[in-house]
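Working notes, beginning with the structure itself.
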Amino acid sequence: METVTEVREYPLEELAESNWQVKGRYGWVAVDIRNQSSLFLRSCLLNSWLNCTPIIAKGISSGIISLERVSAIDSVCHGQEGATEKFFYMYMCHFSQLHVRLPLDDFTMGVLRALNIAPTHLHPNSWAYMQAFRVLCQSLYLQPSPYAFLYFYDTRPRQPTTWLSLVSCPSISRLDAFS
Amino acid sequence: MVKEEGKSYFLKFPFSWTGIPSRYKDMGTDELLAVDKEVVEVLMKFSDNLPTKGLVRVYNSVHLIIDIEGICLLLKLC
């Protein structure tokens, strides 16, 4: 079993102080997103989970990223907020159920870039379509491409800003819903 | 947190939520590049919906996927 990277921990009070101000700036995001907080409030919880869930692709150095638990007030929609080191949020289901591994491959990054969204902005069920599409293409000796993938879907909703879902067009759908 | 060593791996997508996701709807095949169109045309030959969950499981269990026949067999076993 792979054991991955260190988990840094910051005092909760210190984070709470600065992040309450941050939270007020995200009125443009749907309330249910803003009010969700991570289940991993303690590093020991995150560490024990990381001990049994691989997150780095085989053959890649675990030193490319460090994993940190988020604070009680961080929300996936929050931005970099002046952080000196770049970071992005991920959901644990990306790794545990959808078998996403870091670094993301060119196909996945291409879809995120085409949609202009961060990884947590795309609904996990839509991530499942991406994973399945890649397997399907590879089995057919095809290079999975972002625009070939997006051809099969519409994006919803336009407003408000909440998880973006890919909805398959019934007439051309080739993958059933992940359920 | 992206470390110095990993910067080159993570440059190609937004790290934060944006208020303006791009919209995709009813894209025509004539809007696709030839290479993308070829992928779409091959996949359109499938008459039925394929099981997304089964394919995701296959992705985890098989590292070297041989071909579509192997996939079909694995999906039957899932």
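Any residue at all in region A:92-99 that's surrounded by 16 or more Cβ atoms within 10 Å (Cβ to Cβ), over 22 Å from A:Gln36 (Cα atoms), within 17 Å of the chain's Cα centre (by Cα) and of a type outside the set (A, V, I, L, M)?
Among the residues of region A:92-99, at least one is surrounded by 16 or more Cβ atoms within 10 Å (Cβ to Cβ), over 22 Å from A:Gln36 (Cα atoms), within 17 Å of the chain's Cα centre (by Cα) and of a type outside the set (A, V, I, L, M), which makes the answer yes.
Among the helices (runs of 4 or more DSSP H) confined wholly to chain B, which include 1 or more residues that are at pLDDT 85 or above?
B:34-43, B:52-61
Filter region A:144-163 for residues that are facing chain B (nearest Cβ under 7 Å), farther than 15 Å from B:Asp26 by Cα and surrounded by fewer than 23 Cβ atoms within 10 Å (Cβ to Cβ) and give the result.
Selection gives A:Thr161 alone.
Listed here are the residues, each with its yes/no results for (1) more than 29 Å from A:Trp28 (Cα to Cα); (2) at pLDDT 90 or above; (3) among the hydrophobic types (A, V, I, L, M, F, W, C).
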position: A:Leu104; (1), (2), (3): no, yes, yes
position: A:Val111; (1), (2), (3): no, yes, yes
position: A:Ala114; (1), (2), (3): no, yes, yes
position: A:Ile117; (1), (2), (3): no, yes, yes
position: A:Leu122; (1), (2), (3): no, yes, yes
position: A:Ser139; (1), (2), (3): yes, no, no
position: A:Pro146; (1), (2), (3): no, yes, no
position: A:Phe149; (1), (2), (3): no, yes, yes
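Go through A:Ala132, A:Ala114 for me and flag whichever is at the interface with chain B (Cβ under 7 Å from one of its Cβ atoms), in contact with a helix residue (DSSP H, G or I) (Cβ under 6 Å, 6 or more places away or on another chain) and buried (at least 20 other Cβ atoms within 10 Å of the Cβ).
One residue alone meets the criteria, A:Ala132.
Restricting attention to region A:33-49, which residues are within 14 Å of chain B (Cβ to nearest Cβ) and modelled with pLDDT of 75 or more?
Passing the criteria: A:Ile33, A:Ser43, A:Leu46.
Name the single residue, out of those in region B:1-56 being within 21 Å of A:Leu122 (Cβ to Cβ) and of a type in the set (Lys, Arg), that is surrounded by the most Cβ atoms within 10 Å (Cβ to Cβ).
B:Lys53
Before we move on, is A:Pro103 surrounded by fewer than 20 Cβ atoms within 10 Å (Cβ to Cβ), free of Cβ contacts under 8 Å to residues at least 60 places away in the same chain and under 9 Å from the mean Cα position of the chain (by Cα)?
Against the criterion (surrounded by fewer than 20 Cβ atoms within 10 Å (Cβ to Cβ), free of Cβ contacts under 8 Å to residues at least 60 places away in the same chain and under 9 Å from the mean Cα position of the chain (by Cα)), A:Pro103 does not qualify.
Return the pair list, or none, for Cβ contacts closer than 6 Å from residues in region B:1-29 that are within 21 Å of A:Ser66 (Cα to Cα) to residues that are assigned to a loop (DSSP other than H, G, I, E, B) and aliphatic (A, V, I, L, M), at least 6 apart or on different chains.
Within 6 Å, the pairs are B:Pro14/A:Ala118; B:Phe15/A:Ala118; B:Ser16/A:Ala118; B:Trp17/A:Ala118.
From the residues in region A:69-85 that are in contact with a helix residue (DSSP H, G or I) (Cβ under 8 Å, 6 or more places away or on another chain) and facing chain B (nearest Cβ under 8 Å), which one is surrounded by the fewest Cβ atoms within 10 Å (Cβ to Cβ)?
A:His78
Being surrounded by 19 or more Cβ atoms within 10 Å (Cβ to Cβ), touching a residue at least 24 places away in the same chain (Cβ under 8 Å) and assigned by TED's automatic domain parsing to the domain that holds A:Ile33 is the requirement here; does A:Ser66 meet it?
No, not satisfied.
The values are calculated or read from the model by the stated rules, or taken from the named source; none is laboratory data. Keep in mind it's a predicted model, so treat the numbers as computed, not measured. No Cβ is skipped: glycine too gets one built from the backbone with ideal geometry, and neighbour counts run over all protein chains shown.
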